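In what follows, a structure is listed as structure tokens, so that the remarks can point back to it.
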Amino acid sequence: MQRLESRHALLTGAGGGIGLAVTEAYLAEGARCTAVDVAAQPGPALASLLARHGDRLAYLQADVTRLDTLAALVDGAAVRFGTVDVLFNNAAVFDMAPLLESDAAMYERVFDVNVKGMFFVMQAVLARLVATGRPGSIVNLASQAGRRGEALVAHYCASKAAVISYTQSAALAMAPHRIRVNAIAPGVIDTPMWQGVDALFARYEGLAPGEKKIAVGKAVPLGHMGAPADIAGAAVFLASDESSYITAQTLNVDGGNVMS
């Protein structure tokens, strides 16, 4: 049984890492997918998926911080595959600095993508679901960083805490419309982004390159970093009817780092 057959999923930040893995998993479960990323053209891995699934996969370039373009983005996706009834709201950026060195430019960049972009993409999808009377499922990507503060990562932690809060508020607002809104809070996931994260920790904590990545993997109760496919399984579950009585929740997928 293909759990997402007949559904149209819009996925932001789909060019690599978690977004790419979830796109592949949604396709495997029968969904029609519109993959969205900021690059003008899809990268090699996503282009390969397009070559194999061109009848059920489309690519759209978009910058989620361009709020005036988001309605057209969602409407454009619907032209080919119909109303978007699953959103994997994944586009995000990471940055860090000591608290007293963190400036307004860093704050604005992180919050523009991780909070403002996340919220208004979600709003655009929800507005069209409500207008058509269709049920749907929103899956926002939070983080274990949204569960706590970190001295060097103040803006990113706060931005992901906002994702959790907006998920709860949206779920309550959309419950009468049969639209579920949940989030996933990954732990440390081995994606290309971690090369940059590791370099920043090396700079501010005086570590050798690669040392932070090894340390955080060993600190996970299960003993290793997660893989993008670990998030994909949860994303399929939350998009499918198997989670039909779940809303307003943030699911930790982190190897045991956060217990709740």
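The values are calculated or read from the model by the stated rules, or taken from the named source; none is laboratory data. Not measured: the values here are computed from a predicted model. All Cβ positions, glycine included, derive from the backbone under ideal geometry; neighbour counts span all protein chains shown.
So in the range 122-138, with the set limited to residues that are assigned to a helix (DSSP H, G or I) and in contact with a strand residue (DSSP E or B) (Cβ under 6 Å, 6 or more places away or on another chain), which one is surrounded by the most Cβ atoms within 10 Å (Cβ to Cβ)?
Top of the filtered list is Val125.
Residues checked against (1) of a type in the set (S, T, N, Q); (2) surrounded by fewer than 15 Cβ atoms within 10 Å (Cβ to Cβ); (3) at pLDDT below 95:
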| site | (1), (2), (3) |
| --- | --- |
| Thr167 | yes, no, no |
| Met174 | no, no, no |
| Asn182 | yes, no, no |
| Val188 | no, no, no |
| Glu211 | no, yes, no |
| Val216 | no, no, no |
| His224 | no, yes, no |
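Please go through the range 226-236 and give me each residue that is over 28 Å from Pro98 (Cα atoms) and buried (at least 18 other Cβ atoms within 10 Å of the Cβ), ordered by number.
Listed by number, the residues that qualify are Pro228, Asp230, Ile231, Ala232, Ala234, Ala235, Val236.
Okay, residues lined up against (1) among the basic types (Lys, Arg); (2) surrounded by fewer than 24 Cβ atoms within 10 Å (Cβ to Cβ):
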{"residue": "Leu10", "(1), (2)": "no, no"}
{"residue": "Ala21", "(1), (2)": "no, yes"}
{"residue": "Glu24", "(1), (2)": "no, yes"}
{"residue": "Cys33", "(1), (2)": "no, no"}
{"residue": "Ala39", "(1), (2)": "no, yes"}
{"residue": "Ala47", "(1), (2)": "no, yes"}
{"residue": "Ala51", "(1), (2)": "no, yes"}
{"residue": "Arg56", "(1), (2)": "yes, yes"}
